Every structure is written in C-alpha cells, then in structure tokens.
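Chemist: Sharing a structure with you now.
The values are calculated or read from the model by the stated rules, or taken from the named source; none is laboratory data. Computed from a predicted model, the values in this text were never measured in an experiment. Glycine also receives a Cβ, built like all others from the backbone with ideal geometry; neighbour counts cover every protein chain displayed.
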Amino acid sequence: MTSTYYELVKENAIEREDLTARQDADVLLRNLKAYVMKSFDGKTPVEGVFNQTLNRPKVMSSFIIAALGNTSEQIIVETEERNLDTDYIKDFRRLAFAAANIRLLRQGLWELNPYLDEQSCIRGGAAARPLFRKVNDVLISDITYWDYRYVNYEIGTEGTVWASFGYGTKRKKAAIESEEWAKELKAKGKDKAICNIAKEAEIVDIWTPEHNEIWLDGKEVFEQPHPYKWPDGTRYCPVVIQNVPLGSMLSDKDDIKHQNESIFFLIREAIPELERLVTIIQTQAFLTLYPSIEIASKEGGKIDPETLPEYDKLMRPKAVSGADIGGGTRIISQGDANRAAMMAMERMDRNMNEGGFIPRQLDSPAPSGIALIIEKEGKDVIYLPRLKLKSSMKTALGDMFTAQVIQLGGTVEIGTPGHKREFETNKLKGQYEVTHKFSVTSLATNAGLASLAAAYGNLISDRAKRRDILQREDPDGDERWLSYEEARRTIPAIRFAGWAEDLIALEKDEYAKMIADFAGVQLEQLLSGNAQMPKPEVGKEPTQVLSLFGGGVGRGRRPKLPQEPPAEEVGKNVET
C-alpha cells in the first residue's frame with residue numbers, strides 16, 4: 001500500500017526528533033529560560049540556593065544577528081555569452097526581491113533577509129517557497145518563507161522529492177480562512193471542514209514537482225496541480241531548502257542532532273555549567289550575611305532548643321553577647337568553596353569567550369589593521385556558515401523565480417511603488433550563473449581591510465582590491481564612477497556639464513545658464529588655439545587608515561631598529 005504524503009511527513013518528523021529537540025533547546029537558551037540548579041540525579045531542584053540565569057546567549061545572538069543584518073550584498077553574473085546584458089539580470093533580481101519584501105511587509109511579516117539571519121542562527125537552516133505568477137495580468141512576487149523547525153522534506157538524486165510545512169503547528173481559524181486555497185473551497189461550497197474548526201487547527205502544506213496538497217488535522221481537503229518547470233522542461237518542487245554548512249557530516253544513526261548547527265554549538269553545554277557556578281557564588285555571598293552558627297554549652301552537653309537565643313538578635317550588626325568559658329557561639333565554616341568556584345568560573349568564562357562572539361570594549365586600545373583582520377577572521381567562524389546559507393538561499397530563490405517569470409513569457413512589470421520597471425523575459429534567457437554574495441561590514445573591519453588594500457600597492461589590480469579585499473557590493477560600478485569623477489576633474493566640458501546638472505537639480509537655472517555660456521566661450525577658445533587643455537590632476541595615493549602592524553607605524557614610516565654602536569665604543573663598559 002502506497003503511503004500518503006502526510007504519512008511520509010509524519011515519518012520524517014520522527015526521524016528528525018533529535019534535531020528538533022536540540023532546536024527547541026536552543027530557543028529556550030536564546031529566550032533566557034530561568035535556570036534551576038538540579039541535584040546529582042539531574043532532576044531534583046536544589047533548595048535554598050539563589051538560581052542565576054545569565055544573559056550571555058541573548059547578548060550573543062542579538063549581536064550576531066544584528067551584524068549579519070549589516071551586510072553588503074553582491075550580485076555576480078558569470079557568462080561566456082558576450083551579448084548577454086548582465087546588468088539587466090542584476091536589476092531584475094534586485095527589484096524582484098524588493099517587490100517580494102513589500103508583499104511580506106504588507107502581510108505584517110519580516111523582510112526576507114532578517115528572517116534568513118535568524119533562521120540560520122537559531123534553527124540552523126532555512127526554507128522558502130517562491131510562487132511568481134500572474135493574477136489578472138498583474139505579476140505577484142510571492143516568496144513565502146517557512147520556519148525550518150516545522151519543515152519536512154525528502155531529497156532525491158534530481159532534487160527535492162517533496163517538501164511540507166506546518167506539521168506539529170496550529171493556526172487560527174481566521175488565518176486559515178484568508179488563504180487562497182480556502183477561498184477557492186468556499187467559492188465551490190466545499191469548505192465544510194474549515195467551517196467545523198473551533199478555534200485553530202493543524203494545516204500541512206505539501207508540495208511535489210507535480211502538485212500541491214493541503215491537509216487539515218490529518219485529512220486532505222485540497223489538491224491542485226502546479227505548472228512550474230525549468231527552462232529545459234524538467235518539473236521541480238517550488239521550495240528552496242538550505243542547511244547551515246556547519247556540524248557533523250557523518251552517517252551515524254543518531255548524527256542528525258549534530259547537523260545544521262546554530263550559533264550556540266560551541267557554548268551550548270557550557271552555559272548551564274557557568275550558571276551553576278554563578279549560582280554557587282551568589283549563594284555563598286548571601287550566606288556571608290546570614291551564616292549558619294552553632295552554640296556550645298559550658299558543660300558540652302546538648303542544649304535545650306527552647307533556650308536558644310533568637311538568630312536575628314544574636315547576629316544583628318554590632319550585637320554583643322556573653323558566653324561562659326568553653327561555651328559560646330561560632331560561625332560554621334563553609335570552607336573555601338567560594339574561591340574554588342571563582343577559579344572555575346574564570347576558566348569557564350575563558351571557554352565561553354572562545355566559543356562565542358564578544359563585542360569589542362569601548363575602552364580597549366585602538367587595534368592595528370592586522371588585528372582587526374584577524375578579529376574578523378575569528379568571527380567568520382560563526383558568520384561565514386550563516387552568510388553561505390543566506391547566499392545559497394537567495395541564489396536558489398532567484399534562479400527559481402527567474403525560471404517562473406521566463407515561463408510566463410512576454411513583458412512583466414516588477415519593483416516597488418514608484419520604482420517599478422518593465423522587463424522582457426526574453427532578455428532573462430541565456431547560459432549564465434548568478435551568485436548572491438554577502439559579507440559583514442563594519443567601520444572597524446573596513447578600516448583594517450582598507451589598510452590591507454593600500455599595503456598591496458600595485459601588486460594586484462584596483463578591481464581585485466575592491467572585489468576580493470574590500471568586498472564592495474558593485475566593484476564594476478565603483479570603477480565606472482571613478483572614471484566619471486576623473487573625467488570630470490580633467491575634461492573641462494564634462495566638468496561644466498556636471499556643474500550645470502547640479503545647479504539645475506538645486507533649481508538654480510540662471511546659474512546653470514551662466515555655466516553653459518562660460519563653457520561655450522572656453523570651447524571656442526580651445527578650438528581657435530587660444531587655450532590649452534589643463535594638465536590632469538595627480539590622483540591621491542591610497543593611504544592606510546590604520547597601521548597594518550600596529551605600534552603607530554603608518555604608510556611611509558618605518559619602525560626604528562636598534563642601531564649598532566660605533567666601532568670605537570665596542571667593548572667599553574656602560575654605566576647604568
């Protein structure tokens with residue numbers, strides 16, 4: 001008997017239980033679930049302690065996700081077709097993603113990039129479903145992202161066999177009724193199952209290379225074919241799924257829980273241990289205010305509990321009490337547990353710093369260019385796998401919705417309000433490869449990279465510096481603008497035209513006319529031989545923003561080396 005796709009989803013969910021359990025634990029870690037110290041059995045809470053919950057995971061995730069959000073994106077088109085307009089393809093991709101983001105915002109959802117950042121950091125993977133289609137001749141730029149925790153799928157030799165979202169979740173009735181498939185069922189009078197929903201229900205959305213199924217609380221309520229094919233005619237499942245390339249890549253039976261690692265993979269086990277130590281230290285500190293005491297009698301016998309003095313009166317500040325010889329009150333020593341815990345905490349804190357991202361302190365000394373680059377490379381251990389996922393997701397999504405738009409044919413209008421543009425789908429065809437490349441940017445890191453680029457001098461091309469070292473979003477565009485600026489500096493006609501354009505933009509038309517008249521006079525003098533072309537200005541040599549190796553050594557300076565003493569001074573004693 002052939003299993004239904006819903007049964008395949010359930011089986012896949014069972015196979016992924018170890019991974020989803022780890023993902024759930026990471027969310028609790030990020031959300032600062034209150035720490036409770038347990039006894040040796042790991043189950044029984046310890047009484048009489050001051051449990052301490054550290055904010056380190058929240059701080060770490062906030063800094064990393066914010067840093068990933070401050071990235072520069074490059075769209076790189078590689079092809080051997082000389083007549084292919086690569087800028088046309090880049091513009092289409094930018095506007096298509098922008099249009100999809102506008103649609104998400106109108107639905108009250110996050111834009112695509114920040115959602116991918118959080119998914120990669122916390123879930124260790126990401127998934128999205130692009131469905132670019134026309135409704136009443138209007139292009140719908142639809143990219144719906146799926147929470148990776150509730151995604152189930154199967155990958156075959158030809159790609160995704162099937163993918164689903166929603167198993168194990170509940171959606172409110174109003175949200176379900178707003179779906180297009182639900183409206184279609186209502187129009188046909190087949191929405192009885194939806195009407196019977198009390199408040200919420202499980203909706204599982206399943207896609208294959210041929211069709212789409214909707215299951216409501218374990219029963220199929222909707223099915224439709226879809227038209228999506230690659231340009232070569234091959235059908236595909238319109239869902240993009242990518243995993244963070246970090247974690248175990250072994251084939252052991254229980255290895256899935258070590259795959260697709262989150263940002264907490266180096267400190268996941270250390271956090272509870274550090275909280276345990278902090279709890280011990282805090283409890284010990286409190287006990288110094290209210291220490292345990294023992295009261296001895298003169299005779300050494302057992303004291304009647306009814307005759308014991310009150311603790312608060314005996315231990316209040318400046319309290320004075322008398323005692324017989326051989327008797328009295330003594331504080332019970334707690335040993336050196338406090339010092340031992342502090343030593344262990346310092347060791348654990350160093351391990352935490354090695355496994356997590358700690359932002360630079362404001363009072364730290366200015367680093368060298370090399371130090372900043374090394375610091376960047378250290379953070380890249382955490383950043384790069386997330387950036388690779390982001391790059392893979394946007395590249396695959398772009399490839400998929402470009403194929404969908406080409407399949408529509410003709411001309412499509414795409415973009416954001418006020419910035420829409422028509423694209424001819426024929427110009428999107430061809431043999432080319434598109435890559436979306438991301439790099440984290442910061443002023444401090446940029447300063448170090450700028451110093452490195454300047455240090456290369458003429459050993460590599462300026463384009464290579466902009467593309468590979470500085471990782472500029474559009475290195476070719478930078479080159480064009482630099483050429484324009486140089487032409488504006490050296491060619492009077494272009495300089496005058498640029499001034500005139502600037503004045504017109506400032507609504508100073510009368511001044512722009514004066515510039516045009518003056519330019520005409522200059523041109524006549526130049527043509528008559530009464531004027532000479534000005535000499536080109538010498539461009540400024542790039543300078544290092546920071547010393548590459550530190551110590552205040554900038555470009556054009558060298559550290560002072562020890563000098564050899566004069567020959568006549570050799571062998572003489574030096575008094576100190």
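Chemist: Could you tell me whether the range 263-270 includes any residue that is touching a strand residue (DSSP E or B) at 6+ places or on another chain (Cβ under 7 Å) and either outside any strand (DSSP E or B) or modelled with pLDDT under 70 (or both)?
Modeler: No, because not a single residue in the range 263-270 is touching a strand residue (DSSP E or B) at 6+ places or on another chain (Cβ under 7 Å) and either outside any strand (DSSP E or B) or modelled with pLDDT under 70 (or both).
Chemist: Right, here's the next one. Counting just the residues of the range 196-239 that are closer than 16 Å to GLU154 by Cα and of a type in the set (Val, Ile, Thr), which one comes out nearest to the chain's Cα centre (by Cα)?
Modeler: By that ranking, first place goes to VAL239.
Chemist: Pairs only if they're at least six apart or on different chains, beta carbon under 7 angstrom, first in the range 91-109 and crowded, with 16+ Cβ neighbours inside 10 Å, second part of a helix (DSSP H, G or I) and at pLDDT 95 or above; list them, first residue then second.
Modeler: That search, which allows pairs on different chains as well, returns PHE92/LEU428; ARG93/GLY398; ALA96/PHE401; PHE97/LEU112; ALA100/LEU112; ASN101/LEU112; LEU104/LEU112.
Chemist: Do you know which residues across the range 57-90 are of a type in the set (Lys, Arg) and touching a residue at least 12 places away in the same chain (Cβ under 8 Å)?
Modeler: Passing the criteria: LYS58, LYS90.
Chemist: Here are ASP41, ASP26: which of them is of a type in the set (Asp, Glu) and surrounded by fewer than 11 Cβ atoms within 10 Å (Cβ to Cβ)?
Modeler: From the options ASP41, ASP26, the qualifying one is ASP41.
Chemist: With of a type outside the set (A, V, I, L, M), in contact with a Leu (Cβ under 9 Å, 6 or more places away or on another chain) and modelled with pLDDT of 95 or more as the only criterion, which of TYR236, TYR228 stands out?
Modeler: From the options TYR236, TYR228, the qualifying one is TYR228.
Chemist: Continuing with this model, one more query. Please work out which residue is nearest to LEU112 (Cα to Cα), limiting yourself to the range 29-56 and to residues that are at pLDDT 90 or above and not in a loop (DSSP other than H, G, I, E, B).
Modeler: ARG30
Chemist: Of the residues that sit in the range 412-438 and are polar (S, T, N, Q) and in contact with a helix residue (DSSP H, G or I) (Cβ under 7 Å, 6 or more places away or on another chain), which one is modelled with the lowest pLDDT?
Modeler: Per the stated criteria, the residue is THR416.
Chemist: Somewhere in the range 59-77, is a residue surrounded by fewer than 16 Cβ atoms within 10 Å (Cβ to Cβ) and among the charged types (D, E, K, R)?
Modeler: Among the residues of the range 59-77, not one is surrounded by fewer than 16 Cβ atoms within 10 Å (Cβ to Cβ) and among the charged types (D, E, K, R), which makes the answer no.
Chemist: Which ones in the range 30-47 are in contact (Cβ under 8 Å) with a residue 12 or more places away in the chain and out of contact with any helix residue (DSSP H, G or I) (no Cβ under 6 Å at 6 or more places or on another chain)?
Modeler: Answer for the range 30-47, where residues must be in contact (Cβ under 8 Å) with a residue 12 or more places away in the chain and out of contact with any helix residue (DSSP H, G or I) (no Cβ under 6 Å at 6 or more places or on another chain): ASN31, LYS33, ALA34, VAL36.
Chemist: Inside the range 176-247, counting only strands (runs of 3 or more DSSP E) that do not spill past its ends, which hold 3 or more residues that are of a type outside the set (A, V, I, L, M, F, W, C)?
Modeler: 211-216, 219-225
Chemist: Right, here's the next one. Counting only residues that are in contact (Cβ under 8 Å) with a residue 40 or more places away in the chain and over 18 Å from TYR5 (Cα atoms), how many does the range 220-240 have?
Modeler: Total satisfying the criteria: 7.
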